[in-house]
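Take a look at the structure set out below.
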Amino acid sequence: MASDKIIKYTFMYWGPLLFKCKIFPEDLKAFADICVKDKSKDNRSNLAGVIQEEYTIDNEKFSQLISRYLHTYSAAFQAFFHQDVIGGYDINAVWVNYMSAGEGNPIHIHEGCDLSSVLYIDMPKALQEEQKNFKGNGAGPGGITFYNQPNVPGYIASNVFRPETGDFFMFPALLPHSVGPYTSKCERISISANFSFKHQPKGPGGNVHKR
């Protein structure tokens with residue numbers, strides 16, 4: 001009988017590659033060591049955040065530390081898009097964000113690059129406790145939201161995260177994202193970076209991708 005037949009199906013992993021991993025503790029300390037509050041490296045004029053302290057970081061030092069994690073991202077890229085990242089990445093910009101109570105980041109994108117990332121150096125316990133006590137919807141205080149498309153039934157329109165210390169995200173630079181403000185009297189520290197492909201893949205960026 002037809003009702004006894006097994007119906008085979010497949011589904012598409014459709015949308016942006018939003019990558020997340022954990023930084024090893026020894027590497028996290030090394031990343032923290034290259035973060036300096038240097039007024040001569042004030043980066044606020046280049047950024048959308050409502051944050052008073054944002055400073056550029058040495059690209060070369062960051063590149064040495066992030067190398068192994070970019071290799072892991074390349075493996076995820078190959079699994080997601082069924083093609084390799086050829087030639088690796090150029091680092092366009094790196095900066096540290098020292099976020100305080102009442103500060104945040106509106107919905108924005110990163111232009112002039114292919115990929116962006118955020119690495120959480122310190123998510124203080126006071127902020128974590130505020131997140132646990134938050135009763136509303138969404139990412140909550142100090143959380144990050146990535147927006148893929150309008151919020152309509154049947155679509156995954158966004159991904160929300162309440163990051164922990166050591167979390168590392170990479171995502172398409174044009175993927176809109178935002179960070180909510182918080183009230184705890186503490187400092188939330190993160191490193192952001194922009195990257196470009198040395199050799200532009202055929203899949204992302206609007207070109208047809210065949211499976």
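The values are calculated or read from the model by the stated rules, or taken from the named source; none is laboratory data. Quick caveat, the model's predicted, so the values are computed rather than measured. Please note: Cβ atoms are built from the backbone with ideal geometry, for glycine as well, and neighbour counts cover all protein chains shown. Please note that ligands, DNA and RNA were not included when accessible areas were found on the heavy atoms of the full protein model with its side chains. Shrake-Rupley method; radii C 1.70, N 1.55, O 1.52, S 1.80 Å.
Six or more apart or on different chains, Cβ under 7 Å: which pairs go from a residue in region 118-147 that's within 17 Å of K22 (Cβ to Cβ) and of a type outside the set (S, T, N, Q) to one that's part of a loop (DSSP other than H, G, I, E, B) and open to solvent by 60 Å² or more (accessible area, probe 1.4 Å)? Could you list them? Once the first residue is within 17 Å of K22 (Cβ to Cβ) and of a type outside the set (S, T, N, Q) and sits in region 118-147, its partners that are part of a loop (DSSP other than H, G, I, E, B) and open to solvent by 60 Å² or more (accessible area, probe 1.4 Å) give Y120/E164; M123/E164. Considering region 5-22, and only residues there that are among the hydrophobic types (A, V, I, L, M, F, W, C) and exposed (fewer than 10 other Cβ atoms within 10 Å of the Cβ), the residue that is nearest to A157 (Cα to Cα) turns out to be W14. The numbered conditions (1) open to solvent by less than 20 Å² (accessible area, probe 1.4 Å); (2) on the phi > 0 side of the Ramachandran plot are all true for S117 except (2).
Could you check, for region 103-115, whether at least one of its residues is closer than 16 Å to G142 by Cβ and charged (D, E, K, R)? Yes, some residue in region 103-115 is closer than 16 Å to G142 by Cβ and charged (D, E, K, R). When each of N159, N137 is tested for being crowded, with 18+ Cβ neighbours inside 10 Å and at pLDDT below 95, the lone residue that passes is N159. Residues in region 150-165 that are touching an Asp or Glu at 6+ places or on another chain (Cβ under 6 Å) and among the hydrophobic types (A, V, I, L, M, F, W, C): none.
Is there a residue in region 76-86 that is more than 14 Å from S192 (Cβ to Cβ), open to solvent by less than 60 Å² (accessible area, probe 1.4 Å) and within 14 Å of the chain's Cα centre (by Cα)? There is no residue in region 76-86 that is more than 14 Å from S192 (Cβ to Cβ), open to solvent by less than 60 Å² (accessible area, probe 1.4 Å) and within 14 Å of the chain's Cα centre (by Cα). Reported count of residues in region 22-36, each being of a type in the set (A, V, I, L, M) and either part of a helix (DSSP H, G or I) or under 12 Å from S192 (Cα atoms) (or both), is 3.
Selection of region 9-23 for residues being closer than 18 Å to S74 by Cβ and either among the hydrophobic types (A, V, I, L, M, F, W, C) or modelled with pLDDT of 95 or more (or both) yields L17, L18, F19, K20, C21, K22, I23. Among the residues of region 52-78, the one identified as outside any strand (DSSP E or B) and touching a helix residue (DSSP H, G or I) at 6+ places or on another chain (Cβ under 7 Å) is L65.
Scanning region 37-51 for residues that are assigned to a helix (DSSP H, G or I) and either touching a Lys or Arg at 6+ places or on another chain (Cβ under 7 Å) or within 20 Å of V179 (Cα to Cα) (or both) gives R44, S45, N46.
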